[in-house]
């Protein structure tokens with residue numbers, strides 16, 4: 001099963017346009033711009049996962065991507081899954097790089113009954129390149 005973590009941001013929207021998915025998942029963690037983010041992608045969302053308040057602090061999440069991945073594995077872990085995340089080269093957070101995803105993937109696969117693959121096809125391109133590709137897609141559609 002191919003699952004896209006869809007935020008409404010440019011990176012996840014480019015993934016949505018480029019690949020086909022079985023399920024798109026949006027996370028509600030009480031983020032500051034929840035309404036704006038959801039409005040950008042609401043027509044594309046298959047599932048909404050609302051994270052409990054004890055995971056969030058002041059509308060921010062420590063280990064945000066880890067929380068998202070674990071939530072998806074818990075919700076859809078009855079079969080092998082590929083989780084697509086729009087991480088790009090400009091992301092600066094500790095949980096937004098390929099090494100982090102490799103470690104998490106390995107850990108989950110060591111303890112899970114099912115195979116999990118975390119896919120980051122945008123990891124080597126910049127946000128500017130992502131926006132340019134979205135613009136090209138807009139004018140060629």
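Derivation of every value follows stated rules applied to the coordinates shown; laboratory data play no part. Nothing here was measured: the structure is a model prediction, and the numbers come from that model. Because the Cβ atoms are built from the backbone with ideal geometry, glycine has one as well, and the counts that use them run over all protein chains shown.
When peptides 35-44, 115-124 are ranked by their average number of other Cβ atoms within 10 Å per residue, the highest-first order is 115-124, 35-44.
Stretched out straight at 0.36 nm per residue, the stretch from residue 36 to residue 74 would grow longer than its current Cα-Cα span by 11.0 nm. Given their separation in residues at 0.36 nm each and the Cα-Cα distance between them, residue 45 and residue 131 gain 28.9 nm when the chain is fully extended.
Of all DSSP beta bridges confined to the range 2-135, the antiparallel ones make up roughly 10%.
Built from the Cα atoms of the chain, the convex hull projects on average onto 8.5 nm², one quarter of its surface area.
The label-point distance for residue 138 and residue 114, in a model that sets each label 7 Å from Cα toward Cβ, rounds to 3.6 nm. P(r) tail for the range 79-141: Cα pairs beyond 15 Å make up 58% of the total. For the chain, the longest principal axis of the C-alpha atoms and the axis of helix 127-140 are separated by about 60°. Rounded to the nearest 500, the helix-only mean residue ellipticity at 222 nm of the chain stands at -12500 deg cm²/dmol, with each DSSP H run of n ≥ 4 adding -39,500 (n - 2.57). Across every direction, the projection of the convex hull enclosing the Cα atoms of the range 33-102 has a mean area of 5.9 nm². With neighbour counts taken as other beta-carbon atoms within 10 Å, the residues 84, 29 rank, fewest first, as 29, 84. As a proxy for reagent exposure, ranking 92, 108 by other Cβ atoms within 10 Å from fewest up yields 92, 108.
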